[in-house]
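These notes concern the structure reproduced below.
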């Protein structure tokens with residue numbers, strides 16, 4: 001693994017079998033993936049596509065049927081590497097009769113954090129997630145959004161290098177959603193790596209630099225969000241105080257200036273990540289068995305090519 005690769009999977013597969021050992025479900029099929037240090041990576045797919053299985057394999061909660069998974073250059077099955085990971089599951093299952101302070105103290109003890117550091121860090125996180133006025137209330141009395149906030153705080157109590165977030169904006173109102181996205185971007189500024197799963201695609205598009213889309217355990221597409229949602233077949237020119245002009249790019253600035261206008265943007269218009277997601281899934285249904293291959297490995301056209309990209 002390169003020094004800047006935090007997570008890597010190599011032909012990672014997981015097959016669930018029944019009592020007699022017969023194949024029941026291929027949850028993940030030969031996943032090849034790299035997540036680099038300091039990036040926010042989105043892992044997307046419909047229910048049953050393999051996202052949760054991938055996370056559990058990375059955390060060492062499941063063992064692969066074949067292939068390998070590495071986190072911080074260590075095999076994913078090595079439990080010690082989890083000391084550098086913060087995890088917010090979709091359902092946090094926190095102890096309902098503890099308050100916010102007691103919850104963070106409990107998880108801090110699990111990481112063997114010094115009592116003084118634990119107390120200080122818990123206070124800072126409670127304030128950071130906006131629960132200072134409710135820190136003495138037991139979690140049973142919290143709303144879904146408040147439980148999501150304290151769940152995030154427990155995921156950060158060990159000051160992790162890798163943060164795994166499963167549906168982080170679930171249960172949050174629009175203001176809480178914006179707060180969560182700002183916090184995720186702040187984690188990136190701190191140099192942390194974030195792996196994020198979400199069904200709210202507009203949130204993913206706002207914060208993620210790269211994404212992977214899974215369907216039925218297969219990787220269908222992988223790349224930069226800005227590239228994948230770009231419509232390379234169309235060209236868009238936006239300008240103020242000037243009418244549209246048919247001239248080519250080389251002449252546009254001069255034309256706009258001549259007519260008293262200013263060129264504001266020139267480039268390919270982008271669709272939304274939601275549109276990309278739905279298109280990839282529909283193509284996957286229509287062409288079962290097709291899988292994404294990196295450009296250097298692709299020998300035949302594949303579903304996962306970015307729009308406009310030649311196979």
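Return yes when residue 230 is modelled with pLDDT of 65 or more, more than 30 Å from residue 199 (Cα to Cα), touching a strand residue (DSSP E or B) at 6+ places or on another chain (Cβ under 7 Å) and not assigned by TED's automatic domain parsing to the domain that holds residue 203 and no when it is not. Spell out the reasoning first.
Details: modelled with pLDDT of 65 or more: yes; more than 30 Å from residue 199 (Cα to Cα): no; touching a strand residue (DSSP E or B) at 6+ places or on another chain (Cβ under 7 Å): yes; not assigned by TED's automatic domain parsing to the domain that holds residue 203: yes.
The answer is no for residue 230.
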| query | How about the range 56-112: which of its residues are under 30 Å from residue 144 (Cβ atoms), part of a helix (DSSP H, G or I) and within 21 Å of the chain's Cα centre (by Cα)? | reply | 56, 57, 58, 59, 82, 83, 84
| residue 67 is checked against (1) surrounded by fewer than 20 Cβ atoms within 10 Å (Cβ to Cβ); (2) within 29 Å of residue 275 (Cα to Cα); (3) in contact with a strand residue (DSSP E or B) (Cβ under 8 Å, 6 or more places away or on another chain) and fails just one. What number does that condition carry? | (2)
| task | State which residue is modelled with the lowest pLDDT when the search covers only the range 76-90 and only residues that are surrounded by 12 or more Cβ atoms within 10 Å (Cβ to Cβ) and more than 13 Å from residue 160 (Cβ to Cβ). | result | 90
| said: Here is a check on your reading of the model: is residue 51 surrounded by 14 or more Cβ atoms within 10 Å (Cβ to Cβ), touching a residue at least 24 places away in the same chain (Cβ under 8 Å), touching a strand residue (DSSP E or B) at 6+ places or on another chain (Cβ under 8 Å) and within 19 Å of residue 9 (Cα to Cα)? | reply: yes
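Condition check ((1) free of Cβ contacts under 8 Å to residues at least 60 places away in the same chain; (2) closer than 14 Å to residue 91 by Cβ; (3) within 18 Å of the chain's Cα centre (by Cα); (4) assigned by TED's automatic domain parsing to the domain that holds residue 198) across all residues:
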position	(1), (2), (3), (4)
142	yes, yes, no, no
146	yes, no, no, no
150	yes, yes, no, no
165	no, yes, yes, yes
168	no, yes, yes, yes
177	yes, no, yes, yes
181	yes, no, yes, yes
184	no, no, yes, yes
| query | residue 74: more than 30 Å from residue 199 (Cβ to Cβ), touching a strand residue (DSSP E or B) at 6+ places or on another chain (Cβ under 8 Å) and in the same structural domain as residue 27 (by TED's automatic domain parsing), yes or no? | reply | no
| Taking only pairs six or more apart or across chains, which ones have beta-carbon atoms under 6 Å, a first residue in the range 76-89 that is touching a residue at least 24 places away in the same chain (Cβ under 8 Å), and a second residue that is in a strand (DSSP E or B)? | 85/162; 86/163; 87/164; 88/165; 89/166
| said: Considering only the range 43-55, I want to know if a residue exists there that is assigned to a strand (DSSP E or B) and within 16 Å of residue 220 (Cβ to Cβ). | reply: yes
| message | For the range 122-137, give me the residue count where each residue is within 20 Å of residue 111 (Cα to Cα) and free of Cβ contacts under 8 Å to residues at least 24 places away in the same chain. | response | 2
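Within the range 171-198, take every residue that is under 20 Å from residue 212 (Cα atoms) and part of a helix (DSSP H, G or I) and give me the one that is modelled with the lowest pLDDT.
Taking the range 171-198 first, the residues under 20 Å from residue 212 (Cα atoms) are 181, 184-185, 188, 192-198.
If we keep only those that are part of a helix (DSSP H, G or I) as well, we get 181, 184-185, 188.
Numbers: 181: 91, 184: 94, 185: 95, 188: 95.
This residue is 181.
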| message | I want to confirm something. Restricting to the range 254-268 and keeping residues that are surrounded by fewer than 14 Cβ atoms within 10 Å (Cβ to Cβ) and within 26 Å of residue 226 (Cβ to Cβ), which single residue is farthest from the chain's Cα centre (by Cα)? | response | 262
| What number of residues within the range 141-160 satisfy the criterion of being out of contact with any helix residue (DSSP H, G or I) (no Cβ under 9 Å at 6 or more places or on another chain) and in a loop (DSSP other than H, G, I, E, B)? | 1
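Which residue out of 163, 237 is at pLDDT 85 or above, in contact with a strand residue (DSSP E or B) (Cβ under 7 Å, 6 or more places away or on another chain) and either farther than 19 Å from residue 49 by Cα or assigned to a loop (DSSP other than H, G, I, E, B) (or both)? Talk me through it step by step, then tell me what you get.
Details: 237 fails: at pLDDT 85 or above.
After ruling out the rest, the residue left standing is 163.
The values are calculated or read from the model by the stated rules, or taken from the named source; none is laboratory data. Predicted model, so just to flag it, every value in this text is computed and none were measured. Using ideal geometry, Cβ is built from the backbone for each residue, glycine included, and neighbour counts are taken over all protein chains shown.
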